[in-house]
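K.L.:
Starting off with a structure, shown below.
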Amino acid sequence: MEITECEDYLEAIINNSVDGITPDSLKILADALNKDVSEIEGGLNALRDEGFIRISDAGAYPEIKLTHSGRKLGECTIKKHLVLESFFTEILGMDSDSASKEACVLEHGASPDTIKRLKNYIRERGARHRLHAGNAYEGDRDDGHEGHEGHIFKHMHHRGDSGDEWTDEGMGRNLSEFDEDDAVKILFTEGGSRRTDRLCDMGLIPGETITIKRKLSNGAMVVAIKSSEVGISPEIVRLVFVEKV
């Protein structure tokens, strides 16, 4: 199996949380990969032969477990896809469907350096977006703490020309305050440049619209970002500020 096809399979397995070879999971993978159901089991066996998954015959249906190399390759492919798709939609103005299709093609050939440069460009553009949303980019420090200006601009928004009227209206609310199935637009994120890198890897960039799929009891969430579902920790949730769309 070609490495590009391995990447597609691993991406589909992770995105769809496939953990067994059942009629339903074979159909899910076939739809995701645009293949016939009859091809999928052979593809999974090829993944096993390449050392990317393990297949166990215990139970009614065989179980699938990603190996370390399989998970690493799959997650790397997903990150490339998210960065490319974000670039196409946020920077080039492409519609989501077209952007996702282009990302599916280009993710296989894009080098780590290319993805890093695109991610940094999106991050810098997101920083400018935050400034318009009321969060001064210059106020964020690389050590993860905010400078005085960042604190002021994030929590206060000037209205009018008098210079003495400030409000937090329109500044958005923390992601944790919204409910399942809510679609929200990211206004800004906190945490400095190191955190911003991590959030960008996950597709959580200012201007992006996401949908809350599940809220967990510990404060974590599963959100839909473009064509993927991503689990985010309570710590990450607290860094994201949004408005409902």
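Since every read-out is calculated from the coordinates, none of them should be taken as a lab result. Since this is a predicted model, take the numbers as computed values, not measurements. Backbone-built Cβ (ideal geometry, glycine too); neighbour counts: all protein chains shown.
K.L.:
Across region 28-45, what is the number of residues that are surrounded by 14 or more Cβ atoms within 10 Å (Cβ to Cβ) and more than 17 Å from Glu2 (Cα to Cα)?
P.N.:
Selection size over region 28-45: 4.
K.L.:
Those residues that are in contact with a Gly (Cβ under 7 Å, 6 or more places away or on another chain), surrounded by 15 or more Cβ atoms within 10 Å (Cβ to Cβ) and of a type in the set (S, T, N, Q), I need them from region 46-91; list them, please.
P.N.:
Within region 46-91, Thr67, Ser86 qualify.
K.L.:
With the requirement that a residue be aliphatic (A, V, I, L, M) and surrounded by 13 or more Cβ atoms within 10 Å (Cβ to Cβ), what does region 92-127 give you?
P.N.:
Filtering region 92-127 down to residues aliphatic (A, V, I, L, M) leaves 92, 94, 99, 103, 105-106, 110, 115, 118, 122, 127.
Within region 92-127, Met94, Ala99, Ala103, Leu106, Ala110, Ile115, Leu118, Ile122, Ala127 meet the criteria.
K.L.:
Can you find, within region 107-120, the residue that is nearest to Gly207 (Cα to Cα) among those that are in contact (Cβ under 8 Å) with a residue 24 or more places away in the chain and in a helix (DSSP H, G or I)?
P.N.:
It comes out as Lys119.
K.L.:
Condition check: loosely packed, with under 15 Cβ neighbours inside 10 Å, without any contact (Cβ under 8 Å) to a residue 60 or more places away in the chain and of a type in the set (Gly, Ala, Ser). Does Ser25 satisfy that?
P.N.:
On the way: loosely packed, with under 15 Cβ neighbours inside 10 Å: no; without any contact (Cβ under 8 Å) to a residue 60 or more places away in the chain: yes; of a type in the set (Gly, Ala, Ser): yes.
Answer is no for this residue.
K.L.:
Let me ask something else. Working only within region 2-49, note down all residues that are over 25 Å from the mean Cα position of the chain (by Cα) and among the small types (Gly, Ala, Ser).
P.N.:
Within region 2-49, Ser38, Gly42, Gly43, Ala46 meet the criteria.
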